[in-house]
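This structure is in structure tokens; I'll ask about it shortly.
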Amino acid sequence: MSRVREISRIDGQLYVIEDRIGGLSMAALLPKLSGERRAPALRAYLAAAEAMSVASAPGEAFGDLLLDQPTRCDRWSDYLSPP
């Protein structure tokens, strides 16, 4: 489980600092799974992605935090969609 270290604002922009969650990404894990192990993992991943697609944070934008020209979107699903 990830531990939140700090939640605050800078110039009105909300930020969160938290520990990285250990483990493998789905991109790294999926090619290693087959048969009975692959299907439930993919279903769980898709269910989580679907739930996140409707998440909203009124007044806050989703996006990159540390890039020079970050992508900002009002909805998580828009942030995940290619430009």
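Once the piece of chain linking residue 53 and residue 30 is laid out straight, how much longer is it, given 0.36 nm per residue of separation minus the C-alpha distance between them? Intermediate results must be reported in sequence, preceding the final value.
Details: separation 23, 0.36 × 23 = 8.28 nm, distance 2.09 nm.
Stretched fully, the residue 53-residue 30 segment lengthens by 6.2 nm.
Per 0.36 nm of contour for each residue apart, how much would the distance between residue 19 and residue 5 grow if the chain were fully extended, relative to their Cα-Cα spacing?
Values: separation 14, 0.36 × 14 = 5.04 nm, distance 0.72 nm.
Once the chain is fully extended between residue 19 and residue 5, it gains 4.3 nm.
Continuing with this model, one more query. Please compute the modelled spin-label separation between residue 68 and residue 45, points set 7 Å along Cα→Cβ, answer in nm with one decimal.
The answer from the label model is 3.3 nm.
Rule-based calculations on the coordinates, nothing more; no lab input. Keep in mind the model is a prediction, meaning the values are calculated, not measured. FYI the Cβ positions are ideal-geometry reconstructions off the backbone, even for glycines, and counts take in every protein chain you see.
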